[in-house]
Amino acid sequence: MKSVWLHSCALTLMGLLGSTVVMADAPAEVAAASLILQAQTDGPLQPTQPNTLHYGTPWIRVGIKSQTLVLFDPWGREQRHYVVSTARNGVGERVNSYQTPRGWHKVCEKIGDGAEANTIIFRRKVTPWKYTAQLHAEYPNKDWILSRILWLCGEEPGKNQGGEVDSYDRAIYIHGAKRTRAMGCPNLIGLCAHAKRRCD
């Protein structure tokens with residue numbers, strides 16, 4: 001029986017080099033593995049960047065230099081790419097610094113689930129008000145928080161968690177911003193994500 005199974009494995013692996021051949025008497029896990037490997041060889045190979053803190057879970061990388069937010073799937077494959085703006089004061093973790101913190105974070109609270117586009121969030125409460133061109137004309141420099149808030153908690157004690165460096169206590173967000181807000185350069189008090197107009 002063992003020799004039959006090994007023969008089946010050999011034929012399966014050989015099949016991956018051309019067309020996949022899975023013998024009827026091969027165990028189910030061998031057949032599944034051949035399908036996975038075949039699917040990977042059918043398309044171009046993609047570079048992956050898996051989550052090194054919680055392996056096998058999706059994650060987001062915010063690039064300070066690139067001013068981008070990238071969403072990766074559990075395998076570390078890029079799924080979405082947005083232009084963002086981080087704090088105008090640069091990077092740092094201290095309370096009242098108005099800087100973007102570094103290091104690993106997790107989303108501790110989500111505010112605005114189900115809210116329509118351009119819904120104004122005020123003091124972490126979803127309001128019935130909508131951001132409009134008229135509001136922009138009246139308050140052109142106001143930093144509106146729109147539609148969603150992802151409230152972050154630091155995951156590195158002493159770096160972005162606890163004491164004077166606690167990201168949650170500092171109310172560090174990823175949040176929606178007005179369409180007229182220039183993105184792609186550090187110009188905010190906090191961390192805003194909106195894939196629209198770039199800075200000039």
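Odds and ends about this structure:
- Any hit, the range 152-169, residues being among the β-branched types (Val, Ile, Thr) and touching a Ser or Thr at 6+ places or on another chain (Cβ under 8 Å): no
- Every listed requirement among (1) modelled with pLDDT under 90; (2) in a loop (DSSP other than H, G, I, E, B) is met by residue 83 save one, (2).
- If you check 80, 94 for being out of contact with any strand residue (DSSP E or B) (no Cβ under 7 Å at 6 or more places or on another chain), exposed (fewer than 15 other Cβ atoms within 10 Å of the Cβ) and basic (Lys, Arg), only one passes: 94.
- Selection within the range 137-150 - surrounded by fewer than 18 Cβ atoms within 10 Å (Cβ to Cβ) and within 19 Å of residue 85 (Cα to Cα): 140, 141, 142, 143
- Residues located in the range 59-76, provided they are part of a loop (DSSP other than H, G, I, E, B) and surrounded by 14 or more Cβ atoms within 10 Å (Cβ to Cβ): 64, 67, 73, 76
A quick yes/no check of all residues on (1) surrounded by 15 or more Cβ atoms within 10 Å (Cβ to Cβ); (2) among the basic types (Lys, Arg); (3) in the same structural domain as residue 167 (by TED's automatic domain parsing); (4) without any contact (Cβ under 8 Å) to a residue 60 or more places away in the chain:
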| residue | (1), (2), (3), (4) |
| --- | --- |
| 84 | yes, no, yes, no |
| 104 | yes, no, yes, yes |
| 119 | yes, no, yes, yes |
| 123 | no, yes, yes, yes |
| 130 | no, yes, yes, yes |
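- Residues in the range 129-170 that are β-branched (Val, Ile, Thr) and modelled with pLDDT of 95 or more: 165 alone.
- Hey, residue 55 among the hydroxyl-bearing types (Ser, Thr, Tyr), part of a loop (DSSP other than H, G, I, E, B) and either in contact with a strand residue (DSSP E or B) (Cβ under 8 Å, 6 or more places away or on another chain) or within 30 Å of residue 45 (Cβ to Cβ) (or both) or not: yes
The values are calculated or read from the model by the stated rules, or taken from the named source; none is laboratory data. The shown structure was predicted, so the numbers you read here are calculated from the model rather than taken from an experiment. Positions of Cβ are backbone-derived with ideal geometry, glycine not excepted, and every protein chain shown enters the neighbour counts.
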